[in-house]
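Student: What follows is a structure written as structure tokens; I'll ask about it next.
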Amino acid sequence: MERTGPVLWFDTLESTNNRMKELIRQGAVHGTVLAAREQTGGRGRLGRSFASPPGGLYLSLLLQPDCAPERCLSLTPLAAVAVRRAVAACADAEPVIKWPNDLLLNGKKLCGILVELLFAGGQPQVIVGIGVNVNTEREEFPEELRETACSLYTETGRRIELHVLAERLIGELDGLYAAWLADARCCLAEYRAACATVGREVLLLQNGESRAALALGVNEEYSLTVQYPDGSTEDIRFGEVSVRSTEA
Ligand code: BTN
């Protein structure tokens, strides 16, 4: 399925994912991209907000795969690999992946990904929402994030044209999506190689409870295999689980 949609740029949107939902109701086509330079109500995973000051690239891509909803789960790691490739090409930086879908540079959050799945017109509508801190200065982040968030600019001292990064990112997403249609594991090896969570002690936070575990690996469905102190293991799927590293 060739990408047919337009790439629409905005200075400010409340949320590119929210705007995409409006466009879906109006019949948006596969491959539509919304890109904003700022969001006033950016949304993150698990109902959190996502700080989206000027200087960042906030982008949503609409995909309309003809497949079962469960298969769409693997579009989240695909997006992480696409961002990693685009950042490596445009900024000569090598972020790592924090399972399931944050990108970290020098231990700080560079990018967040929110993939949302809806149904309209009888087929899955997947909104791949990506927020990359590109030229953001440290003071532009909310104070509470200044120690934990970074941008390409804060880490490399170089600014990057948002259009250039967006074009590369869209190209990587297109290429990986074409490969994913044939095989959802198309980027498994790359994802595993970049996943910094594996081998670390983690805290799994779910329904107000936290559980310590050791991250053993990423399985073929991109789930995180963990081992609890009693020796039992579990495969953690994307969803309502927050994973924190217990190490610095
Ligand atoms: C997270 O880190 O929890 C995910 C953040 C996802 C942010 C992106 S920015 C573009 C798109 N629009 C949104 O409102 N959210 C996603």
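Laboratory data are not the source of any read-out in this text; all were calculated from the coordinates shown. Remember, predicted model here, so these are calculated numbers, not experimental data. FYI the Cβ positions are ideal-geometry reconstructions off the backbone, even for glycines, and counts take in every protein chain you see.
Student: Residue separation times 0.36 nm, minus the C-alpha to C-alpha distance between Glu220 and Val29: what's the value?
Tutor: Stretched fully, the Glu220-Val29 segment lengthens by 65.7 nm.
Student: Further, regarding this structure: Taking the DSSP beta bridges in the chain as the whole, what percent of them are antiparallel, to the nearest 5?
Tutor: 85
Student: As a test of understanding, state the convex hull volume per residue of segment 17-140 from its alpha carbons, in Å³.
Tutor: 109
Student: Separate question: Ser223's amide H: which non-local residues (gap 5+, or another chain) put their own amide H closer than 5 Å, with H modeled 1.01 Å from N in plane and none for Pro or chain starts?
Tutor: Here the answer is none, since no amide H 5 or more places off falls under 5 Å of that of Ser223.
Student: Another question about this same structure. Please list, in order along segment 224-232, the HN-Hα scalar couplings obtained from phi with the Karplus expression 6.51 cos²θ - 1.76 cosθ + 1.60 (θ = phi - 60°), rounded to whole Hz, x for Gly and Pro.
Tutor: 8, 8, 10, 10, 8, x, 7, x, 6
Student: Then there is this: For the ranges 224-230, 84-90, what's the packing order if you count other beta-carbon atoms within 10 Å of each residue, average per peptide, and put the highest first?
Tutor: Ranking, from highest mean packing down: 84-90, 224-230.
Student: Still on this structure, please answer the following. Working from the alpha-carbon coordinates of the chain, get Rg over Rh, Rh being the Kirkwood radius.
Tutor: 0.95
Student: Moving on to the next point. What's the percent breakdown of Cα-Cα distances in segment 134-248 across 5 Å bins, shortest bin first?
Tutor: Pair shares across the bins are 2, 10, 13, 15, 15, 16, 17, 9, 3, 1, 0.
Student: Taking H as built 1.01 Å from N, whose amide H comes closer than 5 Å to the amide H of Phe50, not counting residues under 5 places away?
Tutor: Sorted by chain and number, the residues that satisfy this are Gly42, Arg43, Gly44.
Student: Right, something else. May I ask you to list, by number, the DSSP H helices of the chain whose Cα span along the axis is at least 27 Å and whose average Kyte-Doolittle hydropathy reaches 1.0 or more?
Tutor: none
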